[in-house]
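J.: Submitted below is the structure of interest, expressed as structure tokens.
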Amino acid sequence: MSFSFDFEPKPRRRSVGVDVGGVLVGGGAPVVVQSMTNTDTADIDGTVAQVAALHRAGSEIVRITVDRDESAAAVPKIRERLLRLGMDVPLVGDFHYIGHKLLADHPACAEALAKYRINPGNVGFKDKKDRQFAAIVETAIRHDKPVRIGVNWGSLDQELLTRLMDENQDKGFPLTAQQVMREAICQSALLSAKLAEEIGLPRDHIILSAKVSNVQDLIAVYAMLSARSDHALHLGLTEAGMGTKGVVASSASLGILMQQGIGDTIRISLTPEPGGDRTREVQVAQELLQVMGFRQFIPVVAACPGCGRTTSTVFQELAQKIQDDIRKNMPVWREKYPGVEGLKVAVMGCIVNGPGESKHADIGISLPGTGELPIAPVYVDGKKAMTLRGTNIAGEFETLVNDYIEK
Ligand code: SF4
């Protein structure tokens, strides 16, 4: 039987690189991780704390809502406070409806932001739409800031959609309603980018996004966008949802697109549980890029799923503890030990796959399963280095992992 399939990731699509406050998006740069706050931006303390937490977790760009005068006035203060904390993280202003007015009335906000995100579907009131779009683009040109033209299917330009539906009807419905919707999303982004360029915004100051909440629509829309332009692309599945559904849907869609070489920056939009940890979206974005082999952020902890051969929860607890320790120590380790993010630690539940997997890791342990002697061989750099015994195997292995990383 012959079987042919190209398993390798496609080369990255060539896109025009955009400098977002010192972080290059597109132009061959590694895929950038970004996130968004959910604080009221007028709450300076709360927003500074959340931006700092997201940045510490690994968000290379952070977007904040700028929805009214109070939030626009807070932006330069937030930026200043972050700089005082030593955090030169690029802030992106998320504008809807009155962005033109807020940017005009708050020049310090326009300057403090590293990028403006505008939505062509609600850039202003219908009869003044083009003028308001132009006003934002002109502000961006004046302040030398890039703009993300972010189409969202929930606020799609209804005029454009209606026109495309009418055209489809006139031609005898060659496209399904879903295909017309995809076309409208794509055209909205491309027409807005063209208009921005005509106003004078350089090509290397434009990023496009076209977010929808359905996985297949998202893949189709970005495939269309990537084929029709060389603008840098921001990927994200909007309204991805809560819990595992949001993680799975985002990972499936973004993973498929990135495997095709599409995407220059990603945001995983997870709905946090009330009081939930906002940094989870950053963690998921990093893990997605890391498991696909596109970037390395943190040592990998390989752990088996466990089965009837495991007699206790020791190995799960140990794997979790090591994962937590690594995450906690990474900000310091990253500075002190360059390359630490490429390490692999294995924590395995029994002799069946334990020694083999541990040998493939930089450091690994095979814990005793049911009926095995209460000993745990440890492998370092592919070779058996020692055997741990007794009641503190987990604690001793933790120390060994820390020592290995530090040495
Ligand atoms: Fe089960 Fe052992 Fe395989 Fe882990 S390594 S899943 S404990 S057989």
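J.: What nm value, rounded to one decimal, do you get for the distance between Ala227 and Ile375 when each label is placed 7 Å out toward the C-beta?
T.: It works out to 6.2 nm between the two label points.
J.: With all protein chains present, calculate the accessible area of Trp153 using a 1.4 Å probe and round the result to the nearest 10 Å².
T.: For Trp153, the solvent-accessible surface is approximately 110 Å².
J.: Could you list log10 I(q)/I(0) for the stretch 89-138 at q = 0.25, 0.27 Å⁻¹, which the Debye formula gives when each Cα is one point scatterer?
T.: -0.90, -1.02
J.: Short version: what are the Cα gyration tensor semi-axes of the stretch 160-313, square root of 5 times each eigenvalue, largest first, in whole Å?
T.: Square roots of five times the eigenvalues give 36, 19, 14 Å.
J.: Kindly sort His205, His234 by accessible area of their heavy atoms, largest first, with the probe set to 1.4 Å.
T.: Solvent-accessible surface, decreasing: His205, His234.
J.: Given contacts defined as C-alpha pairs under 8 Å and at least six residues apart, what's the relative contact order of the stretch 79-207, whole-number percent?
T.: Contact order relative to length: 24 percent.
J.: Under the rule a/c < 1.5 gives rounded, and otherwise a/b versus b/c splits prolate from oblate, where does the stretch 354-407 land using the Cα gyration tensor?
T.: Here the stretch 354-407 falls in the oblate category.
J.: With n ≥ 4 as the cut-off for DSSP H runs, can you work out [θ] at 222 nm for the chain, using -39500 (n - 2.57) per run divided by the number of residues, rounded to the nearest 500?
T.: After summing the helix terms and dividing by residue count, I get -14500 deg cm²/dmol.
J.: Using a probe of 1.4 angstrom, how much of the accessible area of the stretch 271-333 is carbon and sulfur, in percent?
T.: 53
J.: How big is the equivalent ellipsoid of the stretch 159-221 along its three axes, where each semi-axis is √(5λ) from the Cα gyration tensor, reported in whole Å from largest to smallest?
T.: So the equivalent ellipsoid measures 25, 16, 7 Å along its semi-axes.
J.: At 20 °C and 1.002 mPa s, grab the translational diffusion coefficient of the stretch 250-312 from Stokes-Einstein with a Kirkwood Rh over Cα pairs, rounded to a whole number in µm² per second.
T.: Answer from the Stokes-Einstein relation: 155 µm²/s.
J.: Sticking with this one: Which value, in Å² rounded to 10, gives the accessible area of Lys383 with a 1.4 Å probe and all protein chains present?
T.: Taking all protein chains as shown, Lys383 has close to 140 Å².
J.: What share of all Cα pairs of the stretch 79-165, in percent, falls into each consecutive 5 Å distance bin?
T.: Histogramming the stretch 79-165 at 5 Å steps yields 3, 14, 24, 21, 15, 11, 7, 3, 1, 1, 0 percent.
J.: What does the charge count around Thr399 come to, taking other residues whose C-beta lies under 14 Å from its C-beta (Lys +1, Arg +1, Asp -1, Glu -1)?
T.: Every neighbour counted, the sum reads -3.
J.: Helix 243-259 versus the longest principal axis of the chain: what angle, 0 to 90°, nearest 10, using Cα atoms?
T.: Relative to the chain, helix 243-259 is tipped by roughly 80 degrees.
J.: Work out the length of the dipole vector of the chain about its Cα centre, built from +1 on the beta-carbon of each Lys and Arg and -1 on the beta-carbon of each Asp and Glu, and round it to the nearest 20 debye.
T.: That gives the chain a dipole magnitude of about 440 debye.
J.: Rounded, prolate or oblate: pick one for the stretch 1-133, where a ≥ b ≥ c are the square roots of the eigenvalues of its C-alpha gyration tensor, a/c under 1.5 means rounded, and failing that, prolate if a/b is larger than b/c, else oblate.
T.: oblate
J.: At a probe radius of 1.4 Å, what is the per-residue accessible area of Phe173, in Å² to the nearest 10?
T.: 130
J.: To continue, here is another question. With r as the distance between the Cβ atoms of Lys359 and Glu167 and R0 = 35 Å, compute the FRET efficiency 1/(1 + (r/R0)^6) and round to 0.05.
T.: Once the sixth-power term is evaluated, E becomes 0.05.
J.: Another question, then. Expressed as a rounded percentage, what relative contact order does the stretch 189-303 have, with Cα pairs under 8 Å and six or more residues apart?
T.: Reported as a whole number, the value is 21 percent.
J.: Bin all alpha-carbon pair distances of the stretch 104-215 at 10 Å intervals from 0 and give each bin's fraction as a whole percent.
T.: 14, 42, 30, 11, 3, 0
J.: What number, in percent, do you get for the relative contact order of the chain if the mean sequence gap of Cα pairs under 8 Å and at least 6 apart is divided by its residue count?
T.: 13
J.: May I ask you to compute the full-extension gain from Arg84 to Lys344, defined as 0.36 nm times their residue separation minus their alpha-carbon distance, rounded to one decimal in nm?
T.: 90.1 nm
J.: In addition: Quick check for you: with a 1.4 Å probe and neighbouring chains kept, what is the accessible area per residue of the chain, in Å²?
T.: Each residue of the chain exposes 47 Å² on average to a 1.4 Å probe.
J.: As I understand it, the value is the acute angle between the Cα axis of helix 215-228 and the longest principal axis of the Cα atoms of the chain; what does it come to in degrees, rounded to 10?
T.: 60
J.: Report, in degrees rounded to the nearest 10, the 0 to 90 angle that the Cα long axis of helix 44-57 makes with the longest principal axis of the chain.
T.: Helix 44-57 sits at roughly 50 degrees to that axis.
J.: Rounded if a/c is under 1.5, else prolate if a/b is larger than b/c, else oblate: which is the stretch 225-357, with a ≥ b ≥ c the root eigenvalues of its Cα gyration tensor?
T.: Taking the square roots of the gyration eigenvalues as a ≥ b ≥ c, the stretch 225-357 is prolate.
J.: Hey, another quick one. Cα-based Rg of the stretch 316-407 per 2.2 N^0.38 Å, rounded to two decimals?
T.: 1.06
J.: Mind listing the Cα extents of the stretch 117-183 along all three principal axes, in Å, largest one first?
T.: Computed over the stretch 117-183, the largest-to-smallest principal extents equal 47, 22, 18 Å.
J.: How much length is gained if the chain between Ile199 and Asp403 is pulled fully straight, taking 0.36 nm per residue apart and subtracting their Cα-Cα distance, in nm to one decimal?
T.: In short, 67.7 nm is gained.
J.: Let me ask you something else. Taking all pairs of distinct Cα atoms, average 1/r, flip it, and tell me the Kirkwood hydrodynamic radius of the stretch 297-367 in Å to one decimal place.
T.: By the Kirkwood definition, the hydrodynamic radius is 12.5 Å.
J.: Rounded to a whole number of µm²/s, how large is the Stokes-Einstein D of the chain at 20 °C and 1.002 mPa s, given Rh as the Kirkwood radius over C-alpha pairs?
T.: It comes out at roughly 92 µm²/s.
J.: May I have the pair-distance distribution P(r) for the stretch 282-321, computed from all Cα-Cα distances with 5 Å bins from 0 and rounded to whole percent?
T.: 5, 20, 22, 16, 16, 12, 8, 0
J.: Further, regarding this structure: Using label points projected 7 Å from each Cα along Cα→Cβ, tell me how many nm separate Thr271 and Leu191, to one decimal.
T.: Distance between the two pseudo-spin positions: 3.1 nm.
The values are calculated or read from the model by the stated rules, or taken from the named source; none is laboratory data. The structure displayed is predicted, hence computed values, not measured ones. Methodologically, a virtual Cβ is constructed for each residue, glycine included, from the backbone with ideal geometry; neighbour enumeration extends over all protein chains shown. To get the accessible areas, we keep the full protein, side chains included, count just its heavy atoms, and leave off ligands, DNA and RNA. Shrake-Rupley method; radii C 1.70, N 1.55, O 1.52, S 1.80 Å.
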